[in-house]
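Take a look at the structure set out below.
The values are calculated or read from the model by the stated rules, or taken from the named source; none is laboratory data. Treat the numbers as computed from the prediction; the structure is a model and nothing was measured. Quick reminder, even Gly has a Cβ in these numbers, built from the backbone with ideal geometry, and neighbours come from all protein chains shown. The protein model used for the area step is the full one, side chains on, heavy atoms only, and it has no ligands, DNA or RNA in it. Shrake-Rupley method; radii C 1.70, N 1.55, O 1.52, S 1.80 Å.
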Amino acid sequence: MNCIIVDDEPLAREAVELLIQENRQLKLRGTFNSALSAADFMNKNQVDLIFLDIQMPHITGLEFARSIPKTTLVIFTTAYTQYAIDSYEVDAIDYLVKPIEPERFKKVVEKAVSYHSLLTSEDKEEEVESIANDEFMFIKSERRYFKVSFKDILFVEGLKDYVIIQMKEQRIITKMNLKTIHETLPKQIFFRINKSYIINTDHIDSFDNNDVFIGKYEIGIGNSYRESFFKDYVMKRSR
């Protein structure tokens, strides 16, 4: 994958560059200290993935992310964990907190490579409605319909024009938007926790003011969803 680094801090750019050099799946095409210089490069060159700082002068990483093509993926890099949740608002793949841990970097890159393959796939099936009853639904993926029990779903993740249905031992990817599948899922156990994720509340292991933990997964609570989560889920379950 062709990638670039956009960060106004030289040391931060160097740190990400070293991690990229150790990853055979990535090809670094350039490093930039501003969104404007990166945008100029992208107008002339194919970029599949951007490692993008959130806090930058003039144009922030969030503002820049809203202007890039749908086929270009974004991984935010930030020194401030409180800004990480904002990554969900612009369909970012994930975020990395500085100083970046190599294992975390590797995991996020593997996720990006997988999603890039999905977005550039030659299989351009039209969006299909799910077929559902009170306990399960059938979801079309890879030219087949899979039976998915609602109780087995850990969470549903939206990525541009696709959704990823994550279960304990399996994940299913289908061409559908998050709003469509949200309308199919039973409201008594599923809750939209941020712009990109719908969680099965029966599988919540723990939570704090910023994140929900389901097994090995950590999912941020969106600012505009936090009040509803604590009011509609936490308070009701504690009665």
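So the values come out like this:
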read-out	value
Any pair with Cβ under 6 angstrom, 6 or more apart, that starts in the range 179-193 at a residue that is touching a residue at least 12 places away in the same chain (Cβ under 8 Å) and part of a helix (DSSP H, G or I) and ends at one that is surrounded by 16 or more Cβ atoms within 10 Å (Cβ to Cβ) and of a type in the set (S, T, N, Q)	T184/S130
Of the criteria (1) at pLDDT below 85; (2) of a type in the set (A, V, I, L, M, F, W, C); (3) more than 28 Å from L73 (Cα to Cα), which one L118 fails	(3)
Criterion (acidic (D, E) and more than 21 Å from T78 (Cβ to Cβ)) met by exactly one of D40, D53	D40
Given (1) outside any helix (DSSP H, G or I); (2) within 22 Å of the chain's Cα centre (by Cα), number of the condition M137 does not satisfy	(2)
Where a residue in the range 6-22 is farther than 14 Å from P57 by Cα and its partner, wherever it lies, is polar (S, T, N, Q), with Cβ under 7 Å and at least six apart	A12/T77; R13/T31; V16/T77; E17/T31
Where a residue in the range 148-159 is in contact (Cβ under 8 Å) with a residue 60 or more places away in the chain and its partner, wherever it lies, is open to solvent by less than 10 Å² (accessible area, probe 1.4 Å) and small (G, A, S), with Cβ under 9 Å and at least six apart	G158/S196; L159/S196
Total residues in the range 128-174, condition open to solvent by 80 Å² or more (accessible area, probe 1.4 Å), at pLDDT below 75 and touching a strand residue (DSSP E or B) at 6+ places or on another chain (Cβ under 8 Å)	1
Selection within the range 185-229 - surrounded by 14 or more Cβ atoms within 10 Å (Cβ to Cβ), farther than 22 Å from V97 by Cα and over 16 Å from the mean Cα position of the chain (by Cα)	L185, I189, F190, F191, N200, T201, H203, I204, Y225, S228, F229
Among the residues listed as N210, N177, the single one being closer than 15 Å to R226 by Cα and of a type in the set (S, T, N, Q)	N210
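Yes/no per residue for (1) over 17 Å from G158 (Cβ atoms); (2) of a type in the set (V, I, T); (3) modelled with pLDDT of 90 or more:
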site: T31; (1), (2), (3): yes, yes, yes
site: M42; (1), (2), (3): yes, no, yes
site: E63; (1), (2), (3): yes, no, yes
site: I75; (1), (2), (3): no, yes, yes
site: S87; (1), (2), (3): no, no, no
site: F105; (1), (2), (3): yes, no, yes
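For every residue, the table says whether it meets (1) basic (K, R); (2) in a strand (DSSP E or B); (3) open to solvent by less than 10 Å² (accessible area, probe 1.4 Å); (4) without any contact (Cβ under 8 Å) to a residue 24 or more places away in the chain.
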{"position": "L28", "(1), (2), (3), (4)": "no, yes, no, no"}
{"position": "T31", "(1), (2), (3), (4)": "no, yes, no, no"}
{"position": "D40", "(1), (2), (3), (4)": "no, no, no, yes"}
{"position": "K44", "(1), (2), (3), (4)": "yes, no, no, yes"}
{"position": "F51", "(1), (2), (3), (4)": "no, yes, yes, no"}
{"position": "H58", "(1), (2), (3), (4)": "no, no, no, no"}
{"position": "L62", "(1), (2), (3), (4)": "no, no, no, no"}
{"position": "S67", "(1), (2), (3), (4)": "no, no, no, no"}
{"position": "K70", "(1), (2), (3), (4)": "yes, no, no, no"}
